[in-house]
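**Student:** Provided herewith is a single structure, encoded as structure tokens, for subsequent inquiry.
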Amino acid sequence: MSHNWGMAVDLDRCTGCEACVVACHSENNIPTVGATEAARGRAMHWIRIERYWEGEFPDVKVKFRPVLCQQCDTAPCEPVCPTYASSHSEEGLNSQIYNRCIGTRYCANACGYNVRFFNFFTPSWDKPLHLQLNPDVSVREGGVMEKCTFCIQRINAGKIAAGLAQRPLKDGEIQPACVQSCTANALVFGDLADPDSMVSKLAKSPRGTKLLEELGTKPKITYLQQGSWDDAPNK
Amino acid sequence: MTGMYGLFSTPELAQQAVDGLRASGVPEHEITIQSSEPLEEYRFGSRDRDTVMPWISVLGAAIGMATGYFLTSVTQQAWPISTGGMPIVTNWTNLIIIFELTMLGAVFASVITLMFAARLPRPLPKFYDREISNGKILIGVANPRDIERVERALRASSGEVRMMGTEL
Amino acid sequence: MTRRTNNSLTDDLLRPVLETSTKFYVSTGLLALIVATGFGTWFYQIYYGLGVTGDNWPVFWGFHETNFVFWIGISHAGTLISAILRIVNATWRRPVTRCAEVITAFALMIGALFPLIHLGRPWLAWWLIPYPSERFLWPNYRSPLVWDFFAINTYLISSLLFLALPAIPDFALIRDRTTGWRNWFYGKLSLGWQGTPKQWHRLESAMHMMALAIIPIAISVHTIVSFDFSMAVVPMWHSTIFGPYFVVGAIFSGIAALNIVMAIVRKTLHLEKYLQPIHFHNLGKLMLAMSLLWGYFVFNERLVTWYGNTPHEMAALWSTQMGRYSPLFWTMIFFNFVLPFPLLAIRKVRSITATVIASCAVVVGMWLERFLIIVPSLSYKGTPYSWGAYLPRWPEIVIFSSSFAAMALLYLLFSKFIPIISIWEMKVGEHPHIKVAAEVQEAEAAGELV
């Protein structure tokens, strides 16, 4: 049976703690670019917490939203890649194939969510920090695009484990790093093709909306919020 | 001697010379004409039939079109990769590639046909005189049967008469 | 009217090829130095990574892509003048055609370098070539960048052939006028051209077919370049107007470049007799028409965006009208529209100098236009938290400057080896045309016409 991976983000639960951002960096060997480069706008946070605030202290109202690759069904980043480095997998993921990328950055321009990142330099980890690298994930060289993969290495590991044990995958068995590290359980990951999975039920919730739905990208992440984003700050 | 030619300084004199040569019995296809510019307003410069060149360009365009069609649709199906929810064979976008290859085919066909039709590249034949590049028009006959009549016809139009191989 | 002898025409036009001055060597040396600096900077960028530029998240495209679109745009000069005027038999085109075709060829070559310059891994650019690879993977024909590859290469090949074919008789001319290495060199290049009526007829037939083919190619090229932007759902990019907008802008900037180049060639090679004020007048009028047309497209684009008031697009629009990029926008309007108008519209004012001043302004204005299409839209795309800004750094500026030096250098070298004005076409222009009717009548009367 073919999977269709999706996610639900509960904005009413998210505290903006950014544990997911840190977890994603560790899991996926994302380089920290340093202060100078971050000031130039080259930080690479595959998942980021967007913060919007209004008012002056102490009457500040804050809203925040975790934004990551929406794994769009009609992804605008896919047809524009000249070398098929960005394509759609059979399980509904937008695959970024590092070896195939020649770095035109067209996919990043086409992405309406700005969730694609470019390796402006080849990253390096001074010893002994190289020991922190996750052996299940490749390290990208300079000139290559990258973005959230829904931790495909964990998806593959989960499928292999279930296959070896000759049993079907259980809902919630596979958790990307961000989902696993969320302290408020605001992130839910699962198989949208399975009607009984938590994520399928949340996708149909009346609290659910899609980000920038009007662009026609058919994103697979459902954001849950009581009321509307425009009205009130996160409670 | 393998040929005789005259150099004429105006197209009018050249036309006279051609008429004179024809009058003295030299068949049309044995008269050689060379000039440093196309002189198609004059009868002697436009004695050619219409060529079939334009149709060969169209043939080249057709080949380009077919190439474009097969290159795109066959390769897209060879390894079907889904992108952006678009169909595997995207005809709208393939049209662009097909168009470019059609035009390229027309261009290549025109150039190749020119090379063949104008018999280029080739070594410069002996029947040539560098004076042509000074604006003179060369009218000549290779292996003339009646040398005297040819010479008279050329001189009658004030041509500078030379034998082949004696260019100054 | 005194008829120029063919010899003096040939002498004047061959002089730049046969005689070399010290100024030539000095200019070539200086320009070569600047171009070498450009290449050096490129290699520095390849070695250290694109991080040395000003590109960032989310403005991933900046100077390099601006230059790409700019130079491809400049290349549309040759086609318009050469091909269209050739087909409509406009005789004033004769001294101008080769100047224009050369701009096209070199602007294309320089423009085609920039996609390589902007790549993150340029050593893999050959993956865009469609060939059966051991990876079984072909290029993605759905990508506008692959369309670029096909379109630009088709246009480049066609332009080079369009330039090379009518040069063959001129090579034969130089062959006949020279001795030594020049005689051998041009002998080889002229491919044994004799100048028989059959050859002339075939050549003109081929030129006619190519002119017919190259006009749609040129239009398609800049339309496809515009597709690089309009295919993406980015504020102010995703507009159906981009195709014609870019083509008009390209022709506009191309004519401007042609005017500047012609003025320089006229002065430095002493060709005042051949590149006459009438040529600048006519090109000036064409440029005025293009300026108005360009203004029409800009107005269209902005009015529709402003009127629609979609939140998705308004931030990008306001940044160019009143915000961060507005000084550049209003400068562009001044240089492309306000300044050229009086210089070109008023006949008394429209001299060679005025046309050249207007053309310089247009070249600057059109470069700014390309920049303003790319950067503000990327700066204000997506959710406001992810908006950004862009400033170029020294590698981009150096490469940008050296692209102009490269154009000048290539042009200089060309004019040294090949006559910059097509000699045989100038001679054809001297022919009286009435002869045909009289002669044909005579022949018909005498029953000679076959």
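**Student:** Between region C:320-353 and region C:150-180, how many Å separate their Cα centres?
**Tutor:** With region C:320-353 and region C:150-180 each reduced to a Cα centre, they are spaced 37 Å.
**Student:** Test of understanding: in a Gaussian network model of chain C with alpha carbons linked when under 10 Å, which of C:Val35, C:Val233, C:Val225 would top the mean-square fluctuation ranking?
**Tutor:** Its mean-square fluctuation being the largest, the pick is C:Val233.
**Student:** Let me ask another. Taking Cα centroids, how far is region C:198-261 from region A:191-235 in Å?
**Tutor:** The two parts, judged by their Cα centres, are 46 Å apart.
**Student:** What's the extension gain from C:Arg393 to C:Ile264 if we count 0.36 nm per residue and subtract their Cα-Cα distance?
**Tutor:** Stretched out fully, the C:Arg393 to C:Ile264 stretch lengthens by 43.4 nm.
**Student:** Answer rounded, prolate or oblate for chain A, using the Cα gyration tensor with square roots of eigenvalues a ≥ b ≥ c: rounded when a/c is under 1.5, else prolate when a/b is larger than b/c, else oblate.
**Tutor:** It is rounded, given that a/c, with a ≥ b ≥ c, falls under 1.5.
**Student:** Let me ask another. Pull out a ≥ b ≥ c, the square roots of the eigenvalues of the alpha-carbon gyration tensor of region C:325-425, then state rounded if a/c is under 1.5, prolate if not and a/b is larger than b/c, and oblate in the remaining case.
**Tutor:** oblate
**Student:** Just grab the label-to-label distance for A:Lys159 and A:Arg207, each label 7 Å out from Cα along the Cβ direction, in nm (one decimal).
**Tutor:** Rounded to a tenth, the inter-label distance reads 3.1 nm.
**Student:** Additional query: Determine, from the Cβ-Cβ distance of A:Gln132 and A:Val62 and an R0 of 45 Å, the FRET efficiency 1/(1 + (r/R0)^6), rounded to the nearest 0.05.
**Tutor:** Taking R0 as 45 Å, the efficiency between A:Gln132 and A:Val62 is 0.90.
**Student:** Of A:Ile160, A:Ile221, A:Ile47, which is the most mobile in a GNM of chain A whose springs link Cα atoms less than 10 angstrom apart?
**Tutor:** A:Ile160
**Student:** Roughly how far apart, in whole Å, are the Cα centres of region A:1-30 and region C:1-65?
**Tutor:** Cα centroid to Cα centroid, the span is 52 Å.
**Student:** Give me the distance in nm between label points sitting 7 Å out from Cα along the Cα-to-Cβ direction at A:Thr122 and B:Asp19, one decimal.
**Tutor:** 8.1 nm
**Student:** Here is a further query. Just to be sure I understand the model, the point goes 7 Å from the Cα along the line to the Cβ. What's the resulting A:Val22 to C:Asn7 distance in nm?
**Tutor:** 9.2 nm
**Student:** Let me ask something additional. Explain nothing, just the number: dipole magnitude of region A:5-224 about its Cα centre with +1 on each Lys and Arg Cβ and -1 on each Asp and Glu Cβ, in debye rounded to the nearest 20.
**Tutor:** Once rounded to the nearest 20, the dipole reads 160 debye.
**Student:** Given a Förster distance of 51 angstrom, what is the FRET efficiency for C:Ile241 paired with C:Thr91, based on the Cβ-Cβ distance and rounded to 0.05?
**Tutor:** For C:Ile241 and C:Thr91, the calculated efficiency is 0.90.
**Student:** Highest GNM mean-square fluctuation, chain B, Cα pairs closer than 10 Å: which of B:Gly64, B:Gly20, B:Gly84?
**Tutor:** Comparing B:Gly64, B:Gly20, B:Gly84 in a Gaussian network model of chain B, the most mobile one is B:Gly84.
**Student:** Where in chain C are the helices, taken as whole DSSP H runs, whose Cα atoms extend 18 angstrom or more along the long axis and whose Kyte-Doolittle mean reaches at least -1.0?
**Tutor:** Helices meeting the span and hydropathy rule in chain C are C:22-48, C:97-117, C:144-164, C:197-230, C:242-268, C:277-308, C:352-379, C:394-417.
**Student:** Right, another one. Rounded to the nearest 500 deg cm²/dmol, what is the calculated helix-only ellipticity per residue at 222 nm for chain C, with -39500 (n - 2.57) per DSSP H run of length n ≥ 4?
**Tutor:** Dividing the helical sum by the residues of chain C leaves -23000 deg cm²/dmol.
**Student:** For the protein assembly as shown, what class follows from the C-alpha gyration tensor (a ≥ b ≥ c being the square roots of its eigenvalues): rounded when a/c is under 1.5, otherwise prolate if a/b is larger than b/c, else oblate?
**Tutor:** In terms of gyration-tensor shape, prolate.
**Student:** Quick test of the membrane-span-like rule: which DSSP H helices of chain B reach at least 27 Å along their long axis (C-alpha atoms) with mean Kyte hydropathy at least 0.5?
**Tutor:** Counting only whole DSSP H runs, the qualifying helices are B:53-78, B:91-117.
**Student:** Within the set C:Lys348/C:Lys427; C:Lys267/C:Lys416; C:Lys188/C:Lys416; A:Lys159/C:Lys381; A:Lys147/A:Lys201, which residue pairs have Cα atoms separated by over 25 Å?
**Tutor:** C:Lys348/C:Lys427; A:Lys159/C:Lys381; A:Lys147/A:Lys201, as the Cα separations exceed 25 Å there.
**Student:** Pairwise over distinct Cα atoms, reciprocal of the mean inverse distance: report the Kirkwood radius of chain C in Å, one decimal place.
**Tutor:** 23.9 Å
**Student:** Using alpha-carbon pairs under 8 Å, 6+ residues apart, how would you state the relative contact order of chain C in percent?
**Tutor:** 29 percent
**Student:** Computed FRET efficiency, Cβ-Cβ of B:Ile112 and B:His29, R0 30 Å: what is it to the nearest 0.05?
**Tutor:** Efficiency at R0 = 30 Å is approximately 0.75.
Since every read-out is calculated from the coordinates, none of them should be taken as a lab result. As the structure is a computational prediction, the values presented were derived from the model and not from experiment. In this analysis, Cβ positions are derived from the backbone assuming ideal geometry, glycine residues included, and neighbour counts consider all displayed protein chains.
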